[in-house]
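Have a look at the structure below, then the notes.
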Amino acid sequence: MAQSMVVPARKTSVSAPPPASRSNSSQPLPRAVKGKAPLVTVNGAPLATPGTTPGNTKTKKLLAKKKSKHKTSPSSFTKCLFLLLLSAFTLYATSICRSSSPSRDSSPICSTLNVYRTQILQPYVIPRLQSIYTRVSPHLAPLKPYATSTLAFTDAHIIPRVSATLTTAKIVYETHVHPRLWFFIDQYWNGIIKPIYFKGPHPFLEVQTRPYRSYYHSTVVPYARKARIQLRDAYARTRPLADPYIEAVRYSVSHAYELARYRGLDAWAHVRPRLVRVLEGARVRAGALAGSVADARREYVDPHLGRIWEKIGECTGSEGGRYNSSDVPGPSSAAKETATAEESPRNADWKEKGEAPVPTRTREPTSHNGGTQEASVLDTDADAFAAILESAHVISRRLASESESSLSSAFASSPSTSTP
């Protein structure tokens, strides 16, 4: 058979262009890009472009405006309602609870706020704020004249207008808004909602909840009333007797906490350097122990493992049973791998470029409170322990691979049996 020979086509050589002149006359001048002329018909009317309609641009603008509008989050209504209720509660509390010590006949809200003020704010919050104010007051002293003038201007011009506005708003609300609001509520609530409720759901709910209500009123209410009376009397009897002890315990606990805090800080300042030295010595001894353990393993364990692997290789007929102790990394190899992994890219390329390596910073003893303190040993890596774990992992992996190869060879050499 004749072999077909392929003759490559020779390319024609192209000569380099002559050097151009650099004068202003030979340089290309920038030209403005002209827009495309609109298509016109024979009569001169503009020709409609296919795929467009006269109102297409307007619809695109409307869609772009709608997309650009910020979508309101679903929780905005909840936030507005919460702020409205919070402001209403604040105004109600400030208008009703005017005395600092409310009586027993006062509103439950006033008594609750009074308990919160006496039990939480006065003992815990207000002293902290006062201590912060004593620390900040020297820095705020230059601003006191400006604050005084601002308060005087507020009292003279802003507060009268605000109070007059609030009074006018209250009068308008009581004369115009309140009657119409309650008329609207009464018209819809008493005229529409209540009749529908009492005709439909109320009889069904009454029948279903009657056994539970009767059990509650006959069994739970008498015991709850008696327990409430007894607890109120016991609290009234024991509270005057327990107040001095509660104050004494509170003072003792706070004093003990402050004392223990200062003593603990002083003790930690004395103990910390010694603890650092002890941990550093323990780290050095642990490294030496790990090195001796690795040497003992190479001297006493590796020969036996080599003989075992040789016998396993002879039994299985494969060469995978040879054991070499150099495959198991020691502490030095783990340290070298760690150093290689932590090398920066700038130091990795210095050999190829023929430049000097970039020096890296080393950890040095730091100075604290006038003395030299050793570097912390909590962030150092345990190279010896990592090497031991790595060697154990290599040995277990080799054992698994050899056992798998022996089992596969045993199954392959066994004769196949056929079922009758």
Two pseudo-spin positions, 7 Å from Cα along C-beta at TRP268 and at TYR300, lie apart in nanometres by 4.5 nm
Whole-Hz Karplus couplings 3J(HN,Hα) for region 91-97, θ = phi - 60° and coefficients 6.51, -1.76, 1.60, Gly and Pro as x, run 5, 5, 5, 5, 7, 8, 8
Simple spin-label estimate for PHE184/LEU205, 7 Å along Cα→Cβ, in nm, reads 2.5 nm
With a Förster distance of 22 angstrom and the Cβ-Cβ distance between HIS176 and LEU81, calculated FRET efficiency to the nearest 0.05 equals 0.35
Counting only DSSP loop positions in region 127-177, the chymotrypsin sites (Phe, Trp or Tyr not before Pro) whose Cβ has at most 13 other Cβ atoms within 10 Å are none
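Read the figures in this text as sums done on the coordinates, not as results from a lab. Remember, predicted model here, so these are calculated numbers, not experimental data. Glycine also receives a Cβ, built like all others from the backbone with ideal geometry; neighbour counts cover every protein chain displayed.
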